[in-house]
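**Student:** Quick one: the structure is below, questions incoming.
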There are 2 protein chains.
Amino acid sequence: MSNTRNILFIMCDQLRADYLACNGHPTMKTPHIDKLADGGVNFTRAYVQAPVCGSSRMCFYTGRYMFTHGATYNGVPLNVGQPTLGDHMRELGVQTGLIGKTHMAADRSSMERLGIDPVSKNGVLASQCGFEPWERDDGLHPDQYTDPNLPYNQYLRSKGYDGDNPWHTAANSGRDENGELQSGWLLRNAHLKAEVSAEHSETAYMTNQAMEKISALGDTPWCLHLSYIKPHWPYIAPAPYHNMYSEADILVANRSSAEKENPHPVVDAFMGHEESINFSDEDKRKHVIPAYMGLITEIDDNIGRLMTFLEQQGRLEDTLIVFTSDHGDYLGDHWLGEKELFHEESIRVPMIVSSPETRVQKKGTVSESLVEAIDLVPTFIDALGGEEKPHLLEGRSLLPFLNGETPADWRKAVFSEVDYAWRGARLSLALSPDETRGYMIRSEKWKYISFDGFPPQLFDLENDPNELEDLGQRNSHAEICKDHENRINLWIRKRKTRFTVRHDTIEEKTDNARERGIFFGVW
Amino acid sequence: MSNTRNILFIMCDQLRADYLACNGHPTMKTPHIDKLADGGVNFTRAYVQAPVCGSSRMCFYTGRYMFTHGATYNGVPLNVGQPTLGDHMRELGVQTGLIGKTHMAADRSSMERLGIDPVSKNGVLASQCGFEPWERDDGLHPDQYTDPNLPYNQYLRSKGYDGDNPWHTAANSGRDENGELQSGWLLRNAHLKAEVSAEHSETAYMTNQAMEKISALGDTPWCLHLSYIKPHWPYIAPAPYHNMYSEADILVANRSSAEKENPHPVVDAFMGHEESINFSDEDKRKHVIPAYMGLITEIDDNIGRLMTFLEQQGRLEDTLIVFTSDHGDYLGDHWLGEKELFHEESIRVPMIVSSPETRVQKKGTVSESLVEAIDLVPTFIDALGGEEKPHLLEGRSLLPFLNGETPADWRKAVFSEVDYAWRGARLSLALSPDETRGYMIRSEKWKYISFDGFPPQLFDLENDPNELEDLGQRNSHAEICKDHENRINLWIRKRKTRFTVRHDTIEEKTDNARERGIFFGVW
């Protein structure tokens, strides 16, 4: 019998798997996250199903692959017909809410068609991806679009940070040597100390909000999605995190000049993006990455605060805790910036799962099993004793791993998808908005990538773990490519688009028309 | 400028393409349907996207393939997130309603989740596949499940047909030589004269309802889906249709003994179904088919009444008329009964489209272009001057054909899908409910069928138009199979699951984050 009554689902944004000390980073300081791993299972081969914020999150929240749920890029509404984590949790009597970011875009067109009032209870849930918006804050607030009532801005103003948008001018800006305020939106300012103090930073504020909410919930079972915007850009950190790391602390860029010689056409197009060009410049990379690292340690310190709080509240005894991220960050590796393509830097994320039982046993384990982001919804349902939903959910429960078991029929590969219709790459490749799909399969030894309309990519992860040599067009590897292309096609054919009927209902109704009074072909 | 203001979308149920005189049947009498073809375009290679009632209809009504919309069998709810014909029509100011059958199952689970009251205006539309249910009647009423308030039963009682369920006891039963009432549900009774008179039959009644509604609508633009249950079983016809045809009038069964020798495993399993066994018996086949034919001529006579009425009302001058069916009927061909598999008898349907302009020009044409059921939604939108929706609709407008043009880039193949999870075949093949998908591509010369987990089927339609020789496992045809398997896979990859955003919105937003105040990777 599990003691889990609550779920704390912590997500960072743009945090690479390898930027944690417990995952082997040689200079990162993440003692509290490391401690979480020590009391749970650290899945070191966990992959997102879409390496871009909104789409990845919709996979996390629906338990379904990206081209199954259809929200294939930031700003693409998740269709109201897609059930989400909150729906499954509420069925189990668990209050489910959000503090932080989801990147959900409401499907207003369907809501209008179906007469769902956006401010009604159901309308709010449909607009917020099934979460009660305890505090929705997507963490990116350009001056011209900022809601004047943004709670974090109100908070900052109450702490003396003035202006229309202190999120920008205090939390995400810093002063240069002349005392001029400079925007953290620009990479050149990544070395500056943010105007905001660490205790008033967005990361600290969201942590505070989470603790308040957990207190207020008392003994009501809850599922809290605490979703930090950091270490996502703007890359600018408050003291002491802004200069905690230096050039000397950063990893050597994972790239080779050979990669630029004859790149895959889609990769080539991404290499032409502004963020790739800038992160390809070693000086700029060295300028920015220390801030990225500082933001991670800042999160780590707040995880420490949060764990102390949970312990004090007795919540460590009945709460399943997950720590993960929505995708990684190239940071100049492979001559790329941002994410969206399928190298490990982009798609592999931290995935630490810790339960009341694993914490008591202090049996921190590392699992190299192939794990997908879509496994979390089934894991949460399983942890709370709910029923499997194999007609709908495309992921699988990770709970057996917490009990020290690896299911015999565990998956042999993970998948991820991209839709780059919105990117400059589409224009430079002269594609229409429906010619921009890419699919990845990562099996034990191989990573194979199939872009619509282009030759494939293939990496040998055993012999080339840094993915510096694309074998996709080598005759020597044609059979490997063909095999993995087949696996991708078989997987695509299995999409769970038939999800309005349960498997047990089908079993009950199979071949029983006659019992229902329907006679066909009966003499 | 088109004169079309209204759409009359007539559907039969289980009517094979080749059971119309205008499509070459040597003995069928269908003069009014033939006349409709003479004033329009008769598409003789029109295919349904799913050879089973509910799923095929959901394709017709959404303009999307079966495993895209997910309602893959009768009774599988169409997810509320899927827009339908009625939604598109209402956007254009056209009242859209149903008289007859849709086989729609409401997605009650989603409606409950979203707080949509099933009896509210939007709730009714969501429950009725987007149609205003002017008179919903799915036309199959087993005694134990019949709604006592079924309007057609009330009508029958008002005409003196007594009983709890005169749909069954009058419209679908007949008296044997001893004067005993016998149920039309049983094939053995197909030769009897239905108790109901032709003027009170379901076909005549629905035609009356349509005429009344069209009168009542006056000059309001409308889209009426007149959806007959016949010639679907129960195979029993009122006089004079019950004995209008005899054994001598029926087509020779399209089957060969070779087909039974080494059938494809899935086909073999279907051959084991009761309806296949019964229709394989030549005596039973001869007993039933004349009733099927009579029911078709009955529909034809009612189409005649309806056309006369439309002419009198002036509606022929402003109404686009479509005559089609949701799928065919094996009737013993290939040793099969019913439908669901992919032979021409099952998937090819009548598709006659006639506009005010084609009728005036009397330019009846026959088109052999490959047409899909999902083309109708785009056709109707096009005919009323609406905008294309290539982000959502998987079919294409047929309007150019009405203007005598064949688009240069017209499709080179059609597709159809099946999900036989509910059938006895699944049990005899020992499959789970998610291992029962099949996909068909019919190109100009070939028909290729790919069932999950089984070898393929292949027919050479040029040299074997009757599909008696399955080449799917011949080494000689391995390359053809491979090519068509690839085409199926490419098509599956193109499913329009990303349908909550329009292509022009994507175009507008491509590569313009900076203009929206979002700076990423900017130095």
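The values are calculated or read from the model by the stated rules, or taken from the named source; none is laboratory data. Here the structure is a predicted model, which means the values were calculated and not measured. Backbone-built Cβ (ideal geometry, glycine too); neighbour counts: all protein chains shown.
**Student:** Which condition breaks for B:E515 when tested against (1) part of a helix (DSSP H, G or I); (2) at pLDDT 95 or above?
**Tutor:** For B:E515, the exception is condition (2).
**Student:** Tell me which residues, restricted to the range B:296-314, are charged (D, E, K, R) and under 24 Å from the mean Cα position of the chain (by Cα).
**Tutor:** Start the filter on the range B:296-314 by keeping residues that are charged (D, E, K, R), which leaves B:298, B:300-301, B:305, B:311.
Selection gives B:E298, B:D300, B:D301, B:R305.
**Student:** When residues of the range A:378-404 are filtered for being in contact with a Leu (Cβ under 9 Å, 6 or more places away or on another chain) and at positive phi, how many remain?
**Tutor:** Summing the residues that are in contact with a Leu (Cβ under 9 Å, 6 or more places away or on another chain) and at positive phi in the range A:378-404 gives 1.
**Student:** Same structure, new question: I'd like the full set of residues that are of a type in the set (A, V, I, L, M, F, W, C) and touching a helix residue (DSSP H, G or I) at 6+ places or on another chain (Cβ under 7 Å), limited to the range B:106-124.
**Tutor:** B:A106, B:M111, B:L114, B:I116
**Student:** Residues in the range A:336-366 that are buried (at least 22 other Cβ atoms within 10 Å of the Cβ) and under 29 Å from A:V52 (Cα atoms): how many?
**Tutor:** Final tally of qualifying residues: 20.
**Student:** Any residue that is more than 25 Å from A:Y439 (Cβ to Cβ) and surrounded by fewer than 19 Cβ atoms within 10 Å (Cβ to Cβ) - is there at least one of those in the range A:376-386? If you could, list the steps in order and put the result at the bottom.
**Tutor:** Narrowing the range A:376-386 to residues more than 25 Å from A:Y439 (Cβ to Cβ): A:380-386.
Checking which are surrounded by fewer than 19 Cβ atoms within 10 Å (Cβ to Cβ) leaves us with A:385-386.
Yes, the conditions are met somewhere in the range A:376-386.
**Student:** Residue check: is B:D13 within 14 Å of chain A (Cβ to nearest Cβ), of a type in the set (D, E) and buried (at least 24 other Cβ atoms within 10 Å of the Cβ)?
**Tutor:** Working: within 14 Å of chain A (Cβ to nearest Cβ): yes; of a type in the set (D, E): yes; buried (at least 24 other Cβ atoms within 10 Å of the Cβ): yes.
So B:D13 passes the test.
**Student:** Turning to a different aspect of this structure: Considering only residues of the range A:258-284 that are under 16 Å from A:T436 (Cα atoms) and among the β-branched types (V, I, T), which is surrounded by the most Cβ atoms within 10 Å (Cβ to Cβ)?
**Tutor:** So, considering only residues that are under 16 Å from A:T436 (Cα atoms) and among the β-branched types (V, I, T), the one surrounded by the most Cβ atoms within 10 Å (Cβ to Cβ) is A:V266.
**Student:** Tell me yes or no: at least one residue of the range B:310-322 is at pLDDT 95 or above, outside any helix (DSSP H, G or I), among the hydrophobic types (A, V, I, L, M, F, W, C) and over 19 Å from B:I214 (Cα atoms).
**Tutor:** Checked the range B:310-322: no residue is at pLDDT 95 or above, outside any helix (DSSP H, G or I), among the hydrophobic types (A, V, I, L, M, F, W, C) and over 19 Å from B:I214 (Cα atoms).
**Student:** Identify, from the list A:G385, A:G395, the residue that is over 25 Å from A:R487 (Cα atoms), more than 14 Å from chain B (Cβ to nearest Cβ), out of contact with any Phe, Trp or Tyr (no Cβ under 8 Å at 6 or more places or on another chain) and in a loop (DSSP other than H, G, I, E, B).
**Tutor:** Being over 25 Å from A:R487 (Cα atoms), more than 14 Å from chain B (Cβ to nearest Cβ), out of contact with any Phe, Trp or Tyr (no Cβ under 8 Å at 6 or more places or on another chain) and in a loop (DSSP other than H, G, I, E, B) holds for just one of A:G385, A:G395, which is A:G385.
**Student:** On to the next question. If I filter the range B:177-202 down to residues being of a type in the set (D, E) and assigned to a helix (DSSP H, G or I), which single residue comes out as surrounded by the fewest Cβ atoms within 10 Å (Cβ to Cβ)? It would help to see each step written out before you state the result.
**Tutor:** We begin by selecting, within the range B:177-202, every residue of a type in the set (D, E); these are B:177, B:180, B:195, B:199, B:202.
Narrowing further to those that are assigned to a helix (DSSP H, G or I): B:199, B:202.
Values: B:E199: 10, B:E202: 24.
Taking the candidates together, the pick is B:E199.
**Student:** What are the residues in the range B:480-523 that are more than 33 Å from the chain's Cα centre (by Cα), among the acidic types (D, E) and farther than 22 Å from A:M66 by Cα, if any?
**Tutor:** Matches in the range B:480-523: B:E508, B:E515.
Okay, residues lined up against (1) of a type in the set (S, T, N, Q); (2) without any contact (Cβ under 8 Å) to a residue 40 or more places away in the chain:
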position	(1), (2)
B:S55	yes, no
B:Y65	no, no
B:G70	no, yes
B:Y73	no, no
B:N79	yes, yes
B:T84	yes, no
B:T96	yes, no
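**Student:** Got a number for residues in the range B:387-409 being closer than 25 Å to B:I506 by Cβ and out of contact with any Gly (no Cβ under 7 Å at 6 or more places or on another chain)?
**Tutor:** Residues in the range B:387-409 being closer than 25 Å to B:I506 by Cβ and out of contact with any Gly (no Cβ under 7 Å at 6 or more places or on another chain): 10 in total.
**Student:** Another question, then. Looking only at the range B:426-434, decide whether some residue is within 30 Å of B:G385 (Cβ to Cβ) and free of Cβ contacts under 8 Å to residues at least 12 places away in the same chain.
**Tutor:** no
**Student:** Now for a separate question. Cβ-Cβ under 8 Å, sequence separation 6+ or interchain: first residue in the range B:184-195 and more than 9 Å from chain A (Cβ to nearest Cβ), partner surrounded by fewer than 21 Cβ atoms within 10 Å (Cβ to Cβ) and assigned to a loop (DSSP other than H, G, I, E, B). Which pairs?
**Tutor:** These pairs meet every condition: B:N189/B:D176; B:L192/B:D176; B:K193/B:A239; B:A194/B:A239; B:E195/B:Y161.
So that you can scan it fast, the table gives a plain yes or no per residue for (1) in a helix (DSSP H, G or I); (2) of a type in the set (D, E, K, R):
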{"position": "B:A204", "(1), (2)": "yes, no"}
{"position": "B:Q209", "(1), (2)": "yes, no"}
{"position": "B:L226", "(1), (2)": "no, no"}
{"position": "B:K230", "(1), (2)": "no, yes"}
{"position": "B:W233", "(1), (2)": "no, no"}
{"position": "B:Y245", "(1), (2)": "no, no"}
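**Student:** With the structure loaded, tell me whether B:H69 is surrounded by 24 or more Cβ atoms within 10 Å (Cβ to Cβ) and either more than 10 Å from chain A (Cβ to nearest Cβ) or β-branched (V, I, T) (or both) or whether it fails that test.
**Tutor:** no
**Student:** Exactly one condition in (1) within 17 Å of A:I250 (Cβ to Cβ); (2) within 14 Å of another protein chain (Cβ to nearest Cβ); (3) surrounded by 24 or more Cβ atoms within 10 Å (Cβ to Cβ) is not met by A:H327; state its number.
**Tutor:** Unmet condition: (1).
**Student:** Taking into account only those residues within the range A:482-523 that are more than 7 Å from chain B (Cβ to nearest Cβ), out of contact with any helix residue (DSSP H, G or I) (no Cβ under 7 Å at 6 or more places or on another chain) and touching a residue at least 60 places away in the same chain (Cβ under 8 Å), which is nearest to B:D143 (Cα to Cα)?
**Tutor:** Only one residue fits best here, namely A:R502.
**Student:** Out of the range B:211-224, which residues are polar (S, T, N, Q) and either assigned to a helix (DSSP H, G or I) or without any contact (Cβ under 8 Å) to a residue 24 or more places away in the chain (or both)?
**Tutor:** B:S215
**Student:** Next question, about the same structure. Name the single residue, out of those in the range A:72-91 being at the interface with chain B (Cβ under 7 Å from one of its Cβ atoms) and hydrophobic (A, V, I, L, M, F, W, C), that is nearest to A:E338 (Cα to Cα).
**Tutor:** Within the range A:72-91, the match that is nearest to A:E338 (Cα to Cα) is A:V76.
**Student:** Kindly indicate whether any position in the range B:342-349 is under 18 Å from B:Y420 (Cα atoms), in a loop (DSSP other than H, G, I, E, B), modelled with pLDDT of 95 or more and in contact with a helix residue (DSSP H, G or I) (Cβ under 6 Å, 6 or more places away or on another chain).
**Tutor:** Within the range B:342-349, one or more residues are under 18 Å from B:Y420 (Cα atoms), in a loop (DSSP other than H, G, I, E, B), modelled with pLDDT of 95 or more and in contact with a helix residue (DSSP H, G or I) (Cβ under 6 Å, 6 or more places away or on another chain).
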